[in-house]
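Report on the structure given below.
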Amino acid sequence: MTVSKGEFVCIVGPSGCGKTTLLNSIAGFQPYEGQLLFRGKQVTRPDRERGVMFQEYALFPWYTVEENVALGPALSGMGRRERAKLARDYIRLVGLSGFERAYPNRLSGGMKQRVSLARMLINEPAIALLDEPFAALDEQNRETLQDELLRIREQSLLTCLFITHSLSEAVYLADRVVVLLPAPAGVALDVSVELPRSARDRDDIRFGRYVQQIRQAMRGAVS
Ligand SMILES: Nc1ncnc2c1ncn2[C@@H]1O[C@H](COP(=O)(O)OP(=O)(O)O)[C@@H](O)[C@H]1O
Ligand SMILES: [Mg+2]
């Protein structure tokens, strides 16, 4: 499969079918068989042009929000002042202004995921790899963060590869939904979601049809 620049692709599939394995391979975190090309070059190691975000918050508890967000620039040698200023810009972008000096244990789940998002975005990746990033959040927080991600992505033309087990989340977010088959792996369905934003609504009949089509492909994949 190929993901084009600027595309938002959601990957769904039965538990254990290798979604995380695929994402980790694309990120360069684990070896793989076959061919995985990013901008025409074989993926062999992690690179900041491929940003990752996980379901677990994976923040450093002994760092403040600002320090967590500034991690990438710090590692690449950006000066203290410059990276603090940049971090504050990204903290504002994800709606956390005022929490720069807070430690992660003071933040709610939704706020922690905002920090994770800012920490990924500050590196200006060409593609964002997201593994069920909102799965642990309550429904209201999840929906808010979905909209924030869409807003941010619109501004930055970020390419997104987003794994979720929620079919409605996939149809809400994606330009295209790919259903994976269990090992030895394969693609059960690859469908473009051709719905205007105004129809991205669980109660819209066209929205429901996409969810149904994907659910059927999932059922086939499981059996
Ligand atoms: N295509 C594959 N090749 C090798 N191992 C796989 C493959 N798909 C799944 N696995 C193995 O199955 C287990 C579950 O995979 P995982 O990627 O965590 O699934 P998911 O995220 O879809 O629930 C892992 O231990 C992984 O090593
Ligand atoms: Mg997984």
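Which of the residues that make up segment 179-212 are among the polar types (S, T, N, Q) and farther than 25 Å from P14 by Cβ?
Applying the first criterion (among the polar types (S, T, N, Q)) to segment 179-212 yields 192, 198, 212.
Hit for segment 179-212 is S198, nothing else.
When segment 154-174 is limited to residues that are within 14 Å of ligand 2 (Cβ to nearest atom) and in contact with a Ser or Thr (Cβ under 9 Å, 6 or more places away or on another chain), the one that is most open to solvent (accessible area, probe 1.4 Å) turns out to be H165.
With respect to V191, is the statement that it is part of a helix (DSSP H, G or I), farther than 24 Å from A58 by Cβ, touching a strand residue (DSSP E or B) at 6+ places or on another chain (Cβ under 9 Å) and away from ligand 1 (no atom under 16 Å from the Cβ) true?
Values: part of a helix (DSSP H, G or I): no; farther than 24 Å from A58 by Cβ: yes; touching a strand residue (DSSP E or B) at 6+ places or on another chain (Cβ under 9 Å): yes; away from ligand 1 (no atom under 16 Å from the Cβ): yes.
Answer is no for this residue.
Of the residues making up segment 145-190, those that are without any contact (Cβ under 8 Å) to a residue 24 or more places away in the chain, more than 18 Å from G110 (Cα to Cα) and not polar (S, T, N, Q) are E154, P184, G186.
When you look at V177, is it buried (at least 16 other Cβ atoms within 10 Å of the Cβ) and either assigned to a strand (DSSP E or B) or within 16 Å of ligand 2 (Cβ to nearest atom) (or both), yes or no?
When the stated conditions are applied, V177 passes them.
Identification of helices (runs of 4 or more DSSP H) wholly contained in segment 1-115 with 1 or more residues that are within 16 Å of ligand 1 (Cβ to nearest atom) and free of Cβ contacts under 8 Å to residues at least 12 places away in the same chain yields 19-27. Listed by first and then second residue, the pairs linking a residue in segment 124-144 that is at positive phi to a residue that is within 13 Å of ligand 2 (Cβ to nearest atom), with Cβ atoms under 8 Å apart and 6 or more places separating them unless they lie on different chains, are E132/F54; E132/Q55; E132/I163; E132/T164; E132/H165.
Among the residues of segment 30-56, those identified as within 16 Å of ligand 2 (Cβ to nearest atom) and under 16 Å from the mean Cα position of the chain (by Cα) are V52, M53, F54, Q55, E56.
The values are calculated or read from the model by the stated rules, or taken from the named source; none is laboratory data. These numbers were taken from a predicted model, which means no experiment stands behind them. Ideal geometry is used to build each Cβ from the backbone, glycine not excepted, and the neighbour counts take in all protein chains shown. Heavy atoms of the whole protein, side chains included, go into the accessibility calculation; ligands, DNA and RNA do not. Shrake-Rupley method; radii C 1.70, N 1.55, O 1.52, S 1.80 Å.
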